[in-house]
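A short write-up of the structure that comes next.
Where a number appears in this text, it was derived from the coordinates with a stated rule and is not lab data. What you are looking at is a predicted structure, and each value in this text was computed from that prediction instead of being measured.
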Amino acid sequence: MKIIDALKTYLTDWKNLLTHGIVGVILLYCLLFAPVAWYWRVTLFIIVIVFNVARMKYSKK
């Protein structure tokens, strides 16, 4: 249940939602107006998740 609680916290954090919203708009722009390779989009998404997890880990201290 620890994983479910961590996932719930991750998905309800307002900073996380804001970051993913901004990245989503940027990715949508790239998809519509400046096509880039799919792996760049996936890489950017993974980077955002890693930064958010690190931010949440250090903000609890």
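Think of it as helices only: each DSSP H run of n ≥ 4 in the chain is worth -39500 (n - 2.57), and spread over all residues that comes to -29500 deg cm²/dmol at 222 nm. Taking the longest Cα principal axis of the chain as reference, the axis of helix 14-33 is set at about 10 degrees. Convex hull volume per residue, computed on the Cα atoms of the chain, equals 83 Å³.
Against the main long axis of the alpha-carbon atoms of the chain, helix 2-12 sits at an angle near 50°. Subtracting the Cα-Cα distance of Met56 and Val42 from 0.36 nm times their residue separation leaves 2.9 nm of extension gain.
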